[in-house]
Amino acid sequence: MSMLDLDKFRATPLQHDPYDFLCVPGFVKREYLEELHRDYPKVDKPGSIPLGVFPQGPSFDRMIAELKGPEVCKAFSEKFDLDLSKYPTMFTARGMCRPTDGKIHPDSASKVITVLIYMNPPWEATGGRLRILRSQNLEDYAAEVPPEEGTLMCFRRSDTSWHGHYPFEGQRRAIQMNWVKGGVYIWHEQWRHRIGAWAKGVFGGQPAGY
């Protein structure tokens, strides 16, 4: 049985203002949330962490395997009218958010499609809600997404795919999947994030987040 509701994903229209994106609450099926919370990587540092750096359980591994599979690739390719099968995928996980995270950015040029899957309880904080922006102004937004469990947010990267959120400090779990333009980029990013994870453990860290 699939852990992901691809029918709901397919039925959700792609939005075009200010760029191609869509949000799908309940993308991860509710009956799997409890075990995914249990098996989520034990990330206790801020920043994007490559999978495998922190312990993770079998249900989480199963979901990642499904995200890497042909059905997900086909569904996203159809949604964005783009053959994603020729692009490799890269995964990271977040567990903690700092007040300095969430700064406005469009994503790096090597990313093709960005996918975020949130894994948090019902979100009451005003900070930490991702905004899809028309400009580099947090108040100039087309959509705001609370990072609640099972919610998917995805978008086509461009030079103007601005997004960010108001500050939040505390636990804020997010899985990030990207189709990217080359294996060298994946190697570089995995290396950079692993070094960053080590540096955060020793010195504390810095960069922006989702």
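The values are calculated or read from the model by the stated rules, or taken from the named source; none is laboratory data. In this text the structure is predicted, and so the values were computed from the model without any measurement. Glycine gets a Cβ as well: all are built from the backbone with ideal geometry, and neighbour counts include every protein chain shown. Protein only, heavy atoms only, side chains kept; ligands, DNA and RNA dropped before computing areas. Shrake-Rupley method; radii C 1.70, N 1.55, O 1.52, S 1.80 Å.
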| task | Have a look at P106, P121, P88, P55 and point out the one that is in contact with a Gly (Cβ under 7 Å, 6 or more places away or on another chain) and not hydroxyl-bearing (S, T, Y). | result | P88
| request: Pick out the one residue from E31, E35 that is out of contact with any Ser or Thr (no Cβ under 7 Å at 6 or more places or on another chain) and either over 13 Å from R173 (Cβ atoms) or in contact (Cβ under 8 Å) with a residue 24 or more places away in the chain (or both). | output: E31
| request: Within the stretch 115-136, track down each residue that is open to solvent by 10 Å² or more (accessible area, probe 1.4 Å), touching a residue at least 24 places away in the same chain (Cβ under 8 Å) and of a type outside the set (V, I, T). | output: P121, P122, W123, A125, R129, R131, R134, S135, Q136
| Taking the stated definitions as given, is T151 farther than 21 Å from P25 by Cα and either surrounded by 18 or more Cβ atoms within 10 Å (Cβ to Cβ) or not basic (K, R) (or both)? | no
| query | In the stretch 134-148, which residues are over 20 Å from V24 (Cα atoms) and either outside any loop (DSSP other than H, G, I, E, B) or not charged (D, E, K, R) (or both)? | reply | S135, Q136, N137, L138
| request: Would you check which residues across the stretch 143-182 are closer than 24 Å to A125 by Cβ and among the aromatic types (F, W, Y) and list them? | output: F155, W162, Y166, F168
| task | Hey, could you check the stretch 1-39 for residues that are within 30 Å of R134 (Cβ to Cβ) and assigned to a helix (DSSP H, G or I) and say which is least open to solvent (accessible area, probe 1.4 Å)? | result | F9
| remark: G47: passes all of (1) modelled with pLDDT of 95 or more; (2) on the phi > 0 side of the Ramachandran plot; (3) open to solvent by less than 20 Å² (accessible area, probe 1.4 Å); (4) not β-branched (V, I, T) but (1)
| Does the stretch 47-62 contain any residue that is polar (S, T, N, Q) and under 24 Å from R157 (Cα atoms)? | yes
